[in-house]
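Student: Could you have a look at this structure, given as structure tokens, before my questions?
The values are calculated or read from the model by the stated rules, or taken from the named source; none is laboratory data. If you're wondering where the values come from, they're calculated on a predicted model, not measured in any experiment. Neighbour counts run over all protein chains shown; Cβ positions are idealised from the backbone, glycine included. What goes into the accessible areas is simple: the full protein's heavy atoms, side chains included, and nothing from ligands, DNA or RNA. Shrake-Rupley method; radii C 1.70, N 1.55, O 1.52, S 1.80 Å.
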Amino acid sequence: MAPAGIQQSGLEAASGKRRLIVVDPGRRQIRLLALRRGWFGVRAEAVHALDAEAEGVLSMEETASHLDAIFPAWRGAELAILVPQDRVITMLLDVPEEGEPAAREHILQEALRLSGLPRASLAVAYRRLRPFGRRANPYRVVLYKREELTGLLARFGVADPEKSDWILAEATPGSEALFASARALGRRGRNAVFVEWRRHYTTVAVVWNGQGVFATSLPLGLSRVARAWVGEDASAEEALARIGALGPEASLPEPASQAFEEWRKGLERVILEWAEDNSELGVAAETLPLFLCGPGAAVPALRARLKREWKGRTRLLGEGRRAADGRELSAHWTAYALGAAAWRGGAGTISLLPEPWAALRQGRRRARRAALAAAAATVAAGCALAAAASQKWSHARRLEAKAARLREALAAAEQIGRKQTEIRSLCEALRPVRRGLLDSRGAVAFLSAWADAGLGEEEWLALAADAWSYRRGSAAPGQGTNRAEQAFGAEPAPGYVGELCLPLQGEALRRRLRKIAEELQRRLPFASVDLLPPGERRDWMGTNLVIPNRVFALRAALPEAASQPVSGGRAFRSAAVSGDRAQAASKPPPLIRIKNIKPAAKAAPAAAKTKP
């Protein structure tokens, strides 16, 4: 069970807010590297070094108090421990048996035989590799004493998960951290030698075809070169400080130079022995590139001499990269690589975590994956909601635009309706005028027909009007009625009325009226021409314009096709233009028979009237 209150939540881990402290315990010095993982990778926050003898960091309580004092805000964060390489044995075994149980038993038997330790005291961790060279089923195996690892974990308060204030994320030797660095380099570290030059020993790791195939430690460290220069009487810190102050162009004194050469030859001997043991690979030891890190590689004078000795074969791991506090990371690169590998799940590395911590790590990984899946689902749901909202918003905008266009159309239609109403009102107002104009035009054509009828000298046309005007006494139909119209009731049939003064009598009068009717009907397409009934006669003429008892009213009725005013006007215009041709094209009207023509009785004038 994980310690209560110190585990980060899955959402916090998914958001990238993960913190890790890498502990690199040495013989006299403990180096601490604080890492923070964000969205853009791993960032080194700070580097601290504790002198175990000077500060008295010996017991578990003192170590824990120093960790709390150095990182007060990081209490409960993850912790990774770099197991010293000189405390473990890394070897390569070619297992003949196939299958996990048989391979495990074979590895355990070989480990017991090579170490000479009892089974209860020996701990074994291994990882299967891809076949290379003459090895068909190779395994990289790490052997270590169970008591030593338990004591190392107890020193930092992470031996028991139930009592720990920290979360142990990883525990692995330095060679595994170098193998993780090779994976991070990609093609450049596919076939290379990785060297960590520490204070008291040197870790050598060989990578072939992208996988770690060999690891060992040399009992030659930077402190031997430093003490050879300043003398055995000086302290280790003083010796390291003096040699670290040398520039790239400085030359080492003779004792320090001899110690350096001893270290260089020991490293070359290790690489050469590995190349000879794997001669089937056809690799030349002097051609393998060297990647250096550690406190010794960070000394400018030693790094410059290595580049001169090996003529460009050397590369400095972490060159130019610094922590947030300004410290160069090349001296702490294995700790940095271990932290990055721990966050990657230890891919390609061998973990020395005890079983309780390994089970907790698996649980954290599952929780983190679940949290990441939940976060991804939340983000996907948010994106879907955002897309739906955007679609709804776009649809609303389109509906709003359509509504705006509809409002504009309705406003335009309303305006058109108002204009139509105004036009209709104006047309209604102009209709009587138009009717009067059409009737006047018809009356003009009627008068023209009278003129063409050839009236004699004794007769004259006293009045000519359309039936509407004659009935109402106005040229605008529908603008008022008089007593006579009220008496007549119904509207008159469409046509024209002419009052003719004829000073004739008897048969001459009848012949003359018949001739005038025939002439009118011949010249204009009237349906009939006849005397106006006495009941429809109107008294419009003054007695000074006509001869009493010699006024006859003729009504010329329009045909059915010309019953409307417009059609009547067009009929008169057609008759006036076409003349006899229009009459010949239509059926001749029947003869008008005028019988018993009697002048209408009119009131006797006070004095006799004469022809005007």
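Student: Please go through the stretch 274-303 and pick out each residue that is in contact with a strand residue (DSSP E or B) (Cβ under 7 Å, 6 or more places away or on another chain) and of a type in the set (D, E, K, R).
Tutor: Answer for the stretch 274-303, where residues must be in contact with a strand residue (DSSP E or B) (Cβ under 7 Å, 6 or more places away or on another chain) and of a type in the set (D, E, K, R): just Arg303.
Student: If Ser223 passes every condition in (1) within 25 Å of Gln109 (Cβ to Cβ); (2) more than 56 Å from the chain's Cα centre (by Cα) but one, which one does it miss?
Tutor: Unmet condition: (1).
Student: In the stretch 21-28, is there at least one residue being open to solvent by less than 30 Å² (accessible area, probe 1.4 Å), at pLDDT below 80 and either farther than 20 Å from Leu168 by Cβ or under 50 Å from the mean Cα position of the chain (by Cα) (or both)?
Tutor: no
Student: Another question, if that's okay. Taking the condition under 54 Å from the mean Cα position of the chain (by Cα) and modelled with pLDDT of 85 or more, does Leu281 pass? Full working, then the answer.
Tutor: Working: under 54 Å from the mean Cα position of the chain (by Cα): no; modelled with pLDDT of 85 or more: yes.
Criteria not met by Leu281.
Student: I would also like to ask the following. In the stretch 190-232, how many are under 30 Å from Glu280 (Cα atoms), open to solvent by 30 Å² or more (accessible area, probe 1.4 Å) and touching a residue at least 40 places away in the same chain (Cβ under 8 Å)?
Tutor: Residues that pass the stated criteria total 7.
Student: Separate question: Collect the residues in the stretch 157-183 that are out of contact with any helix residue (DSSP H, G or I) (no Cβ under 6 Å at 6 or more places or on another chain) and either acidic (Asp, Glu) or not in a helix (DSSP H, G or I) (or both), keeping them in residue-number order.
Tutor: The answer is Val158, Asp160, Glu162, Lys163, Ser164, Asp165, Trp166, Ile167, Ala171, Thr172, Glu176.
Student: To continue, here is another question. All but one of (1) of a type in the set (Asp, Glu); (2) buried (at least 18 other Cβ atoms within 10 Å of the Cβ); (3) more than 19 Å from Phe132 (Cβ to Cβ) hold for Glu237; which doesn't?
Tutor: (2)
Student: Could you please find all residues in the stretch 258-267 being without any contact (Cβ under 8 Å) to a residue 24 or more places away in the chain and surrounded by 14 or more Cβ atoms within 10 Å (Cβ to Cβ)?
Tutor: Glu261
Student: Does Ala123 fit the bill of being of a type outside the set (Lys, Arg) and closer than 18 Å to Ser351 by Cβ?
Tutor: So Ala123 fits the description; yes.
Student: A further question on this structure: With Leu152, Leu82, Leu92, Leu67 as the choices, which residue is part of a strand (DSSP E or B) and under 30 Å from Arg18 (Cα atoms)?
Tutor: None of the other options fit; the residue is Leu82.
Student: Can you tell me how many residues in the stretch 373-390 are under 17 Å from the mean Cα position of the chain (by Cα) and of a type outside the set (Ser, Thr, Tyr)?
Tutor: Result for the stretch 373-390: 11.
A quick yes/no check of all residues on (1) in a helix (DSSP H, G or I); (2) modelled with pLDDT of 80 or more:
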| residue | (1), (2) |
| --- | --- |
| Gly498 | no, yes |
| Glu518 | yes, yes |
| Val529 | no, yes |
| Arg538 | no, yes |
| Met541 | no, no |
| Arg555 | no, yes |
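Student: Look at the stretch 128-149 and say how many of its residues are in a strand (DSSP E or B) and touching a Ser or Thr at 6+ places or on another chain (Cβ under 8 Å). Working first, answer last.
Tutor: Start the filter on the stretch 128-149 by keeping residues that are in a strand (DSSP E or B), which leaves 128, 132, 135, 138-145.
Narrowing further to those that are touching a Ser or Thr at 6+ places or on another chain (Cβ under 8 Å): 140-143, 145.
The qualifying residues number 5.
Student: Okay, moving on. Find all pairs meeting these conditions: Cβ atoms under 6 angstrom apart; at least six residues apart or on different chains; first residue within the stretch 351-366 and within 16 Å of Pro173 (Cβ to Cβ); second residue open to solvent by less than 30 Å² (accessible area, probe 1.4 Å) and among the hydroxyl-bearing types (Ser, Thr, Tyr).
Tutor: Between residues of the stretch 351-366 that are within 16 Å of Pro173 (Cβ to Cβ) and residues that are open to solvent by less than 30 Å² (accessible area, probe 1.4 Å) and among the hydroxyl-bearing types (Ser, Thr, Tyr), the close pairs are Ser351/Thr172; Leu352/Thr172.
Student: Val213: farther than 19 Å from Val88 by Cα and either under 50 Å from the mean Cα position of the chain (by Cα) or assigned to a strand (DSSP E or B) (or both), yes or no?
Tutor: For Val213, the condition - farther than 19 Å from Val88 by Cα and either under 50 Å from the mean Cα position of the chain (by Cα) or assigned to a strand (DSSP E or B) (or both) - is not met.
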